[in-house]
1. Dividing the convex hull volume of the alpha carbon atoms of the chain by its residue count, what do you get in Å³ per residue?
2. Relative contact order, percent, of the chain when contacts are C-alpha pairs under 8 Å separated by at least 6 residues?
3. Using a 10 Å cut-off on Cβ atoms, rank the peptides 42-49, 102-109, 14-21 from the highest mean neighbour count down.
4. Averaged per residue, what accessible surface does the chain expose to a 1.4 Å probe, in Å²?
5. Counting only helical runs of four or more DSSP H residues, what would the 222 nm mean residue ellipticity of the chain come to if each run contributes -39,500 (n - 2.57) and the total is spread over all its residues?
6. Quick one: net charge around LEU63, please, counting Lys, Arg +1 and Asp, Glu -1 for every other residue with C-beta under 14 Å from its C-beta.
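The values are calculated or read from the model by the stated rules, or taken from the named source; none is laboratory data. Quick caveat: nothing in here was measured; it's all calculated off a predicted structure. No Cβ is skipped: glycine too gets one built from the backbone with ideal geometry, and neighbour counts run over all protein chains shown. Remember, those area values only see protein heavy atoms, side chains included, never the ligands or the DNA or RNA. Shrake-Rupley method; radii C 1.70, N 1.55, O 1.52, S 1.80 Å.
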Amino acid sequence: MYIFYMDKLNNELIDYITKVTAQLEKGYELELTEFFLNHQQLLVLDRINKEGPISQKDIASQLNLNKAHVSKIVKKLVSLEYLQAIGQDGDARLKLWTTSFTGIQVSTKAFEKISAQNQNWAPELSAAEVNQMIRILSKIKLS
């Protein structure tokens, strides 16, 4: 009986996390259209901004994303002139990436918009409640 109850709770939790994620993504997409980015692309840009110079492999590992998906995102960010390559010509996997001046500006402005969006959906959560949620959610195993 206990296992069935825990399975039911886990399913409810996963269902709720999925709904919250979908709602956030929808709001983020609207906020990010002026930058020609989606949320995952912004996360990659931000990671490069904070950790760069950084390889695509390290980005994929740190953000728990597929390497091929990171490659597509990097190509898009390069086409928008948000990134600069450091290193060898040729194979993008061997290059290190850093943000351009434009990329830094876009990352900063986009996160300001997202922060405002976040205040709309969770204005009543205290800092302690947010920290508690982070601690709880960080126990979920990621592949």
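1. Hull volume normalised by residue count: 128 Å³.
2. It rounds to 23 percent for the chain.
3. Final packing ranking: 42-49, 102-109, 14-21.
4. Accessible surface, normalised per residue, equals 71 Å².
5. Per the formula, -22500 deg cm²/dmol.
6. +2
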